[in-house]
Amino acid sequence: MKTDKFKTLRYRLMETETWPLKYMFKFITPNSNGKVEQIKVLLPPHGELAFKHTSDLKHVSITCVAEMQNADQIIEIVEKADKIEGVIIL
């Protein structure tokens, strides 16, 4: 049986009665080895992206606000991002 690492997130999203909804994805990733691009390709193309670098430029905060149709779409993106080494999901 697969353990759902994002069980709490899934539960909270499933409680939402109004779909579609605007969801804010937020990730912190090393600013190296194409990590930023790996995250960008996972995010919805219609989302509003914002980037903020740390003062030493070693890490980047990536925020994306996008209208999502259901909880499964959100969980799918978060699970894929979780597989990228060094990425922190907020």
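Laid out as a table, the results:
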item	result
Test for residue 35: is it surrounded by 12 or more Cβ atoms within 10 Å (Cβ to Cβ) and in contact with a Gly (Cβ under 8 Å, 6 or more places away or on another chain)	yes
Residue list for segment 33-53, restricted to those being of a type outside the set (D, E, K, R) and in contact (Cβ under 8 Å) with a residue 12 or more places away in the chain	36, 38, 39, 42, 43, 44, 46, 47, 49, 50, 51, 53
When residues of segment 65-84 are limited to those that are over 18 Å from residue 19 (Cβ atoms) and touching a residue at least 40 places away in the same chain (Cβ under 8 Å), the one surrounded by the most Cβ atoms within 10 Å (Cβ to Cβ)	81
Which listed residue is under 15 Å from the mean Cα position of the chain (by Cα) and polar (S, T, N, Q), from 29, 18, 54	29
Among residues of segment 9-41, those that are among the aromatic types (Phe, Trp, Tyr) and closer than 13 Å to residue 70 by Cβ, counted	2
Selection count where residues are surrounded by 11 or more Cβ atoms within 10 Å (Cβ to Cβ) and either more than 15 Å from residue 82 (Cβ to Cβ) or more than 13 Å from the chain's Cα centre (by Cα) (or both), scope segment 38-49	5
Number of the exception - residue 86 against (1) modelled with pLDDT of 95 or more; (2) under 13 Å from the mean Cα position of the chain (by Cα)	(2)
Strands (runs of 3 or more DSSP E) completely within segment 1-85 that count 3 or more residues being β-branched (Val, Ile, Thr)	59-68
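The values are calculated or read from the model by the stated rules, or taken from the named source; none is laboratory data. Computed from a predicted model, the values in this text were never measured in an experiment. Don't worry about glycine lacking a Cβ; one is built from the backbone with ideal geometry, like all the others, and counts go over all protein chains shown.
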